[in-house]
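First comes the structure, then the notes that go with it.
The values are calculated or read from the model by the stated rules, or taken from the named source; none is laboratory data. Given the structure is predicted, the values throughout are model-derived calculations rather than measurements. Because the Cβ atoms are built from the backbone with ideal geometry, glycine has one as well, and the counts that use them run over all protein chains shown.
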2 protein chains.
Amino acid sequence: MINVKFIPAGIEIKARIGESLLEIARRANVFIDAPCNGSLSCGKCKVKIVEGQVDTKTNRHITADELKTGYVLACDTKVTEDVVVETIEGQSSYLAGMKIEDLSGPRDHEIFERAKAQVLDNGMKFSSYVKKDYIMIEAPTLDDNISDWDRIKRHLRNHLGYSKVFCRLPILRKLPSILRDSEFKVTITHIPRGKNRTMIVNIEAGDTTDRLYGIALDIGTTSVAACLVDLYQGKLLAKASAGNAQMKYGADVIHRIIYATKKKGLEELSHAIIHETINPLLVKMYRDAGIDKEEVIAFVAAGNTTMSHLLLGIYPDYLRLEPYIPTFSNAPFIKASELELEMNSETFLYITPSIASYVGGDITAGVLASGIWTSEENVLLIDLGTNGELVFGSKDYMVTCACSAGPAFEGGEISCGMRAAGGAIERVEINRETYDPKLVIINDEKPKGICGSGIIDLIAEMLKAGLIDRRGKLNKNLDNNRIRFDEYNIGEYVLAFKEEWDIQEDITITEIDIDNFIKAKGAVYSGLSTLITSLGMDFSIVDKIYIAGGIGNSLSIDRAIEIGLFPDVEKDKFVYIGNSSLMGCYLTLMSEDARKKLEEISNHMTYIELSVYPTYMDEFISACFLPHTDIERFPTVEKILKDNKIN
Amino acid sequence: MINVKFIPAGIEIKARIGESLLEIARRANVFIDAPCNGSLSCGKCKVKIVEGQVDTKTNRHITADELKTGYVLACDTKVTEDVVVETIEGQSSYLAGMKIEDLSGPRDHEIFERAKAQVLDNGMKFSSYVKKDYIMIEAPTLDDNISDWDRIKRHLRNHLGYSKVFCRLPILRKLPSILRDSEFKVTITHIPRGKNRTMIVNIEAGDTTDRLYGIALDIGTTSVAACLVDLYQGKLLAKASAGNAQMKYGADVIHRIIYATKKKGLEELSHAIIHETINPLLVKMYRDAGIDKEEVIAFVAAGNTTMSHLLLGIYPDYLRLEPYIPTFSNAPFIKASELELEMNSETFLYITPSIASYVGGDITAGVLASGIWTSEENVLLIDLGTNGELVFGSKDYMVTCACSAGPAFEGGEISCGMRAAGGAIERVEINRETYDPKLVIINDEKPKGICGSGIIDLIAEMLKAGLIDRRGKLNKNLDNNRIRFDEYNIGEYVLAFKEEWDIQEDITITEIDIDNFIKAKGAVYSGLSTLITSLGMDFSIVDKIYIAGGIGNSLSIDRAIEIGLFPDVEKDKFVYIGNSSLMGCYLTLMSEDARKKLEEISNHMTYIELSVYPTYMDEFISACFLPHTDIERFPTVEKILKDNKIN
């Protein structure tokens, strides 16, 4: 065994000779971003060997020069002796700095009020599925000596009309002391089902009816956002967000699923989401709001189907394999203690229902929040997370599909791509004369990479500036130091020179990156178009386009249309609706009526499996062009390109 | 810290100076019987110090001579230096050798068949509350891509008529692999509730419908008996019994309750019954029957109210304190995993309903087995365990009460008393001339003590021989070496001289023992009499007297009448019904109809709290006489005494 020390974390761990640095870092709980999970394709797990020798080599992400100065890919490096490894600044701080939509953004107040109004305007009440009642029970005597539990049941039958009352063992264990400490004046927390039945999930001494708290949680593949809600007043008492700690096992759901099939993989993934991601968020919120975890007795979580399977520790491989079958759509009754979540152990976990393997509970929750179910207009909902999920419909019908866009919109599969964290280039303009870019960088830091909205801007600007053609290939006829080609004749454009910004290396986008991104946007557009045409319609029928998900906030709709990600319709039809999944969880938590509506939505939404849809492949190939092979579909863009003299 | 070594177990443990030997033995898991739980009253925790000095003293159980040879009471001895402690032979082997009714006794076959017949004769079916169904589900396709769980629900709705199907998380976790390993041909184990609802508790690949197993368990204060049942054929596949490992924390329920109020006491008591008693029995039965624990999916347990509270880890102190309120009568839905029982984790634990703090689920189960609920005749059921529990009634009505007889019938609170294990004197005759006793000893071993049935015989014989008067005082006028008085003028009768049997000390019964026993039998008789008179009746109304519990098997009905334990009615009215509690569990396990009947029985039985019954105290005092102050109630005994010229 040898010693491996990670700096700046200062963590030391024993390792076997021949073990990979990435595995060692995972064991040591040192965060190294590894979107491709060691398949050598992403190059994101770069670290620096400060002391000692390792067994590694150059590859397409590590040049001979880099290797000389100690840079290696953690996944492609085996230890042979004691080493000191420096993780790259920005790796471990990555998660904390990420921009995550958690209902606290500048536009969220308005979005929030609109979502609540939709519920109230439809005659639904804000009354949670969890209730509290203060009950003053007659104390027992020798003549009235029924058991504590029978006494509670009798009281609820006589005073609240519940003829069937249930509880679980932990409640029974609390009864004798709490009843006597409080002189039989207690507050019960319960979940009614139907008129006469209820399930008691908590019992507290005295009158605590003014304290009823719940958690709304959105579990994204990349980021997780939560809020702590006062279930009586509807107030958000605390908010928190963080990166999904599963990221170290792969950036997208496919890599996570594959990791889950390894020995202990599923266990590690469940641990990462529960113990390394959700629980720290919960504890932080309790501290911020001054709430005891035992008081938190309601929980609604939404996530894509892979996230919900991994949360519950369910083997996810059949989501990935044809015919793409999830284990569940509606989760059964699960208690917080079964997942070791930091809240009252009896809390019933409500997981929003999913539709299919790639249309998850985040979408049903998002649809609830968006109000499509009450809309007279035809609404298209586009959720651009690590995958693209789409819904189209109105109060009369809804169809949905998923497009395998991959993680490109979160900076994945792009050599200089990164998530929307500090140092990410989020907006780009290119000077038509000099081809110099004007960058907007998150937190005004030095640039570290480019995030989804920045890539969209960049490609649109490169197209309009004539830097690339409609296939995404660089113009070889331009003589500019920002454009260069390697020995294989693959071109790249330099966004930021290292000398210019005093950074370690140039930030560039390559033709391969552009090609990857075009495929991703092509998958979304062809998904949208197939979804609409499957109904015998075209985009002219669309009255509103709702944009949800993390990318939306800093996204330029114009640029997204210019690259052919979104259809070329009137710009005022586009509405940004924020983290609609988290909003949907909030509504579900606050309103039993809304929860029922959510179930209804999930039962009535029609899922379209794109991969079996006959025209989808042709649509996709046509969409892998800027903006599209059929430029007539994008008249606005056609005009711009003509004005800029681009063919 | 010092070292304490226990022999013959060979267990060594570190201990603090000043710690008591009894506490140290408990920590080391060395069994030392301590019925009175260290209150210095029973003298049963005698051990021998083989090496080293301890801090101890003489007391009424340890003479100066004994102290010299190293004998001490473990509860009254503190360690001061390294010691070697010898536990008394018979202490640690005590549990294994105990006679426990487990449906395998010589008369059990007949009892068993009668109990089963009662169920069938009343139109109830032998069909367990747990069912198995083999289902062949359509495999998913791209066009039929609903989730695994929805697929199962659809199949059960379409083919078995269950519109509402539930499960818990562990079942969901099993689904994806089991469905695919078995090509969607699986056996589900489920618990139907009502016509349309069912709860799936297990899923297995292929057709396993011929293997459905359950456990019936009787948890006595002193002993625990179990059987493993084939739920299709009703066959007992294995039986097992053992002492209740909680005995080391006190012999009777009151001592256990007090121990439970100590720090970690409740935890230790739960551990003792689950991990040290029940789980070893279960594992033994699975081995004997060649069954995997995962196949055991039904469980019915009965115990007195204290036992059921301790089993579930519920603080029991309010059972003991006026107004004697249990926490529950009917336990909620509990899974085997919640108690860490060695069986399928999803097994639903059914605990037979109790009536009051001292009329437990062992009685309701016993009533079910006894058939009182279908009887045209008036039946009196007497269960003499560590406490006395009584039921009187017929198919039209039932009343019940508990009498605080204490553990005397199991040898407790009697200086030479012991449980019905090897070496216990179980029958006694006394020669009217010589006053020499003729002993029947369990296993024909050398005598170690006397058990309940032996004490009843002994006191009856002493009365008839004129050795004691009707107050239980020894006859001072007899000149016999078996009768002797100590310095305080307290008399004793020698049952076995040490020289005669080559044992370590004489086995004697003292006037204090006799007095204790008379109080115990007085409590039972006055309970019986109050129960009957509370209905405005007398014993002439009683058609049958059922005797249940461990004491019954070797009990002489004649002797029990002679001392005034049982009423003086025709002897052919007495029927021994064995371990009716375990039998009731078996019936509950085997027949959902019987389980419903059991619930009905528990709901309709009237509980009489003797302590508030105005005439009870007088009745009790009158009954603390041999056989009773009012000899006319015992005409048979009156005649015998007259014939023997005893007043």
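Structure notes:
- Of the residues in the stretch A:512-522, not one is surrounded by fewer than 20 Cβ atoms within 10 Å (Cβ to Cβ), touching a strand residue (DSSP E or B) at 6+ places or on another chain (Cβ under 6 Å) and not polar (S, T, N, Q).
- Subset tally (residues that are closer than 16 Å to B:I257 by Cβ, more than 10 Å from chain A (Cβ to nearest Cβ) and among the hydroxyl-bearing types (S, T, Y)) for the stretch B:342-364: 1
- Taken over the stretch A:318-329, the residue count meeting the criterion of being within 8 Å of chain B (Cβ to nearest Cβ) and over 18 Å from B:K153 (Cα atoms) is 4.
- In the stretch B:267-286, the residues that are out of contact with any Gly (no Cβ under 8 Å at 6 or more places or on another chain) and among the small types (G, A, S): B:A272
- Meets criteria (away from chain A (no Cβ under 14 Å) and part of a helix (DSSP H, G or I)) for B:R211: no
Here's the yes/no breakdown for (1) assigned to a loop (DSSP other than H, G, I, E, B); (2) in contact (Cβ under 8 Å) with a residue 40 or more places away in the chain; (3) outside the structural domain of B:T222 (by TED's automatic domain parsing); (4) farther than 26 Å from B:G243 by Cα:
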residue	(1), (2), (3), (4)
B:I17	yes, yes, yes, yes
B:A34	yes, yes, yes, no
B:D65	no, no, yes, yes
B:C75	no, yes, yes, no
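- Here A:I551 does not qualify as part of a helix (DSSP H, G or I) and at pLDDT 95 or above.
- Residue match in the stretch B:613-628 (condition: within 14 Å of chain A (Cβ to nearest Cβ), in contact (Cβ under 8 Å) with a residue 40 or more places away in the chain and either closer than 15 Å to B:I518 by Cβ or surrounded by 19 or more Cβ atoms within 10 Å (Cβ to Cβ) (or both)): yes
- Residue pairs whose Cβ atoms lie under 7 Å apart, separated by 6 or more positions or on different chains, with the first residue in the stretch A:333-353 and on the phi > 0 side of the Ramachandran plot and the second of a type outside the set (D, E), are A:E340/A:I274.
- Failed item in (1) within 14 Å of chain A (Cβ to nearest Cβ); (2) surrounded by 18 or more Cβ atoms within 10 Å (Cβ to Cβ); (3) of a type outside the set (S, T, Y); (4) in a helix (DSSP H, G or I), with B:I200 passing the rest: (4)
- Subset of the stretch B:296-324 [crowded, with 18+ Cβ neighbours inside 10 Å and not aliphatic (A, V, I, L, M)]: B:F299, B:G303, B:N304, B:T305, B:T306, B:S308, B:H309, B:G313, B:Y315, B:P316, B:Y318, B:Y324
- Residue list for the stretch A:377-391, filter: modelled with pLDDT of 95 or more, outside any strand (DSSP E or B) and not charged (D, E, K, R): A:N378
- Residue check for A:R154: within 11 Å of chain B (Cβ to nearest Cβ), at pLDDT 95 or above and surrounded by fewer than 18 Cβ atoms within 10 Å (Cβ to Cβ): no
- Every condition in (1) in a loop (DSSP other than H, G, I, E, B); (2) within 14 Å of chain A (Cβ to nearest Cβ); (3) not aliphatic (A, V, I, L, M) holds for B:E599 except the one numbered (1).
- B:G491 being small (G, A, S), farther than 18 Å from B:L641 by Cα, over 22 Å from the mean Cα position of the chain (by Cα) and surrounded by fewer than 23 Cβ atoms within 10 Å (Cβ to Cβ): yes
- Of residues in the stretch B:260-317 being assigned to a helix (DSSP H, G or I) and hydroxyl-bearing (S, T, Y), the one farthest from the other protein chains (Cβ to nearest Cβ): B:Y286
- Selection from the stretch A:130-151 of residues that are within 11 Å of another protein chain (Cβ to nearest Cβ) and among the β-branched types (V, I, T): A:T141, A:I146
- A:I363 vs. criteria in contact (Cβ under 8 Å) with a residue 40 or more places away in the chain, within 22 Å of the chain's Cα centre (by Cα) and under 30 Å from A:V201 (Cβ atoms): yes
- For the stretch B:330-341, a tally of residues being outside any loop (DSSP other than H, G, I, E, B) and either at the interface with another protein chain (Cβ under 9 Å from one of its Cβ atoms) or under 20 Å from the mean Cα position of the chain (by Cα) (or both) returns 3.
- Unmet requirement for B:T327, which otherwise passes all of (1) out of contact with any Cys (no Cβ under 9 Å at 6 or more places or on another chain); (2) surrounded by fewer than 23 Cβ atoms within 10 Å (Cβ to Cβ); (3) in a loop (DSSP other than H, G, I, E, B): (2)
- Among the candidates A:I425, A:I490, A:I450, the residue that is in contact with a helix residue (DSSP H, G or I) (Cβ under 8 Å, 6 or more places away or on another chain), outside the structural domain of A:F634 (by TED's automatic domain parsing) and without any contact (Cβ under 8 Å) to a residue 24 or more places away in the chain is uniquely A:I490.
Residue by residue, here is whether (1) over 22 Å from B:I425 (Cβ atoms); (2) at pLDDT 80 or above holds:
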{"site": "B:N3", "(1), (2)": "yes, yes"}
{"site": "B:R16", "(1), (2)": "yes, yes"}
{"site": "B:S39", "(1), (2)": "yes, no"}
{"site": "B:H61", "(1), (2)": "no, no"}
{"site": "B:D65", "(1), (2)": "yes, yes"}
{"site": "B:T69", "(1), (2)": "yes, yes"}
{"site": "B:D82", "(1), (2)": "yes, yes"}
{"site": "B:E89", "(1), (2)": "no, no"}
{"site": "B:S93", "(1), (2)": "no, no"}
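- Test result for B:E609, under 20 Å from B:V524 (Cβ atoms) and either within 14 Å of chain A (Cβ to nearest Cβ) or basic (K, R) (or both): yes
- For the stretch B:418-445, the set of residues classified as in a loop (DSSP other than H, G, I, E, B), under 22 Å from the mean Cα position of the chain (by Cα) and charged (D, E, K, R) consists of B:R419 only.
- Meets criteria (under 27 Å from B:I257 (Cα atoms), modelled with pLDDT of 90 or more and in contact with a Gly (Cβ under 9 Å, 6 or more places away or on another chain)) for B:K44: no
- Filtered residues of the stretch B:191-225 (kept if within 22 Å of the chain's Cα centre (by Cα) and modelled with pLDDT of 95 or more): B:G214, B:I215, B:A216, B:L217, B:D218, B:I219
- Looking only at the stretch A:237-281, residues that are farther than 18 Å from A:M307 by Cα and touching a residue at least 60 places away in the same chain (Cβ under 8 Å) come to 2 in all.
- Answer residue from the stretch A:166-180, given it is in a helix (DSSP H, G or I) and among the basic types (K, R) and is farthest from the other protein chains (Cβ to nearest Cβ) among those: A:K174
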